[in-house]
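K.L.:
Here it is, the structure, as structure tokens.
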Amino acid sequence: MSFLFGSRSSKTFKPKKNIPEGSHQYELLKHAEATLGSGNLRMAVMLPEGEDLNEWVAVNTVDFFNQINMLYGTITDFCTEESCPVMSAGPKYEYHWADGTNIKKPIKCSAPKYIDYLMTWVQDQLDDETLFPSKIGIIILCNWDSS
């Protein structure tokens with residue numbers, strides 16, 4: 001769980017990808033939080049009028065990652081290498097990790113190691129300026145490769 005405890009490039013439990021207060025992205029995040037609490041999921045995910053779709057998706061993706069990161073942090077004491085030796089979804093489904101770059105052939109690993117690989121991979125995607133630009137007002141259209 002190097003992702004949570006800082007042995008990988010000083011990443012810690014506190015999410016690294018922050019949205020600057022007072023920025024347009026911050027206002028979009030506040031809008032999302034306000035509508036999410038309304039109980040109307042359709043309204044919560046709807047693109048606000050006049051807003052850029054890519055920026056809306058990026059803000060919500062970063063927020064979702066931060067929420068999942070915090071949620072996972074609450075169960076790390078209960079899911080250890082010993083208690084969760086395999087990443088699975090019940091007895092019928094087992095997950096093996098491959099990112100296509102560093103690990104090309106899927107490998108079997110413990111649930112904590114799998115989550116560490118996954119969260120590190122997601123963080124790397126979020127830190128990629130060509131996918132999620134952090135500069136205010138700069139929008140780069142994403143070229144999502146479906147292969």
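FYI, it's all coordinate maths here, none of it is from the lab. A quick note: this is a predicted structure, and the numbers were derived from the prediction, not measured. Every residue, glycine among them, receives a Cβ derived from its backbone with ideal geometry; neighbour counts consider all protein chains shown.
K.L.:
Magnitude of the Cβ-charge dipole of the range 20-130, K/R +1 and D/E -1, about the Cα centre, nearest 20 debye? The partial results should precede the final answer.
P.N.:
Values: 7 positive and 18 negative charges, 144 e Å.
Computed charge dipole of the range 20-130: roughly 700 debye.
K.L.:
Set the Förster distance to 22 Å, then compute FRET efficiency between Q67 and I107 from the Cβ-Cβ distance, nearest 0.05.
P.N.:
Computed FRET efficiency for Q67 and I107: 0.20.
K.L.:
Quickly rank 126-134, 53-61, 72-80 as a protection proxy: mean count of other C-beta atoms within 10 Å, highest first.
P.N.:
Details: 126-134: 14.1, 53-61: 16.9, 72-80: 12.6.
So the order, starting with the most tightly packed, is 53-61, 126-134, 72-80.
K.L.:
A further question follows. Under the 0.36 nm per residue contour assumption, what length would be gained going from the current alpha-carbon distance of D127 and Y26 to full extension? All intermediate terms of the calculation are to be shown ahead of the outcome.
P.N.:
Numbers: separation 101, 0.36 × 101 = 36.36 nm, distance 1.73 nm.
Length difference between fully extended and current span is 34.6 nm.
K.L.:
Hey, another quick one. Once R0 is set to 25 Å, what does the formula 1/(1 + (r/R0)^6) return for the Cβ-Cβ distance between A34 and N54, expressed as a FRET efficiency to the nearest 0.05? It would help to have the intermediate numbers written out before the result.
P.N.:
On the way: r = 21 Å, r/R0 = 0.85.
Computed FRET efficiency for A34 and N54: 0.75.
K.L.:
Identify the trypsin sites (Lys or Arg not before Pro) of the range 35-106 meeting these criteria: DSSP loop state and at most 11 other C-beta atoms within 10 Å of the C-beta. Before the final figure, lay out each step's value.
P.N.:
Numbers: sites: R42, K92, K104; in loops: K92, K104.
Sites meeting the loop and neighbour criteria: K92, K104.
K.L.:
Under a cut-off of 14 Å between alpha-carbon atoms, report the aspartates and glutamates in cross-link reach of K108, not counting same-chain residues fewer than 8 places apart.
P.N.:
Here the aspartates and glutamates satisfying the reach criterion relative to K108 are E81, E94, D99, D116.
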